Amino acid sequence: MSEFWSAIAGAVVGSVVGGIISYCLQLSALNAAKNERAEVATEERQALGYGLLFKIVSIVNNLGNLKLHVDECKARAVADQHPGPPVTFLLPLINIPDPVNIGPAEMGMLLSLGNDDTFNDVMNIPQIHNGILPAWAVFAAMRATFNQAVSQTIDFSTGKGEFAFNPQGPDAVKFYEADQVAADLISRAERDFAEADLVLKNVMKLLKDKLGLKISAEAKLPIRSSGGI
């Protein structure tokens, strides 16, 4: 009889031990799967972070080029002692940058980081960038129309010129409208770039702190001139 109970006890103990081992193996597998999913999720969020950062850098770079173009036109006017209305010294752009759009996945990732102020700022930056680009195209068209309609003389050695039109006629209205657009482009250039540059610094810090992205908050962006007539 003792052998019978010994066999029963051995079977029970073996079953319990086997069950514990099986449970531990399953738990280890679940933890490994959980860690793998967490790692994949982190990598996906980091990829979205880099994508978001690339787009904001593009926006800042484009707005920086617009500001550089405006600064060059203003500096040229000062050097030539040509303090005329903005429309007379602000030159149209040859190549207007393309719009930059930030997708729902990138914005969703940013929202999950829990910084509402940065999220709202990033939402506004593409609108600022994409909204100013058509104004440069409009200015180029207005200036071209005005140049064709109004007689003018130009000193090709300096680029300075004089318009001749009736200040009471329709050409005066065209001049005034083009000048108002030019003045707005000049004032927007510095303000838009400064705002976008601040947003970039805030986003870089947030992504570095929350997602561990290997980026520098003190990065300097290359600004290339895109101006010209």
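The values are calculated or read from the model by the stated rules, or taken from the named source; none is laboratory data. All values reported here derive from a predicted model rather than from experimental measurement. FYI the Cβ positions are ideal-geometry reconstructions off the backbone, even for glycines, and counts take in every protein chain you see. Side chains are part of the model used for accessible areas, which takes the heavy atoms of the whole protein and leaves out ligands, DNA and RNA. Shrake-Rupley method; radii C 1.70, N 1.55, O 1.52, S 1.80 Å.
Summing charges over all other residues whose Cβ lies under 11 Å from the Cβ of Arg143, with Lys and Arg as +1 and Asp and Glu as -1, gives -1.
Couplings 3J(HN,Hα) of the stretch 97-107, computed from phi: x, 7, x, 10, 10, 9, x, x, 5, 5, 5 Hz, in residue order, whole Hz [Karplus 6.51 cos²θ - 1.76 cosθ + 1.60, θ = phi - 60°; x for Gly and Pro].
Highest-first packing order for the peptide set 127-133, 75-81 is 127-133, 75-81, based on the mean count of other beta carbon atoms within 10 Å. Solvent-accessible area of Asp98, all protein chains in place: 120 Å² (probe radius 1.4 Å, heavy atoms, ligands and nucleic acids excluded).
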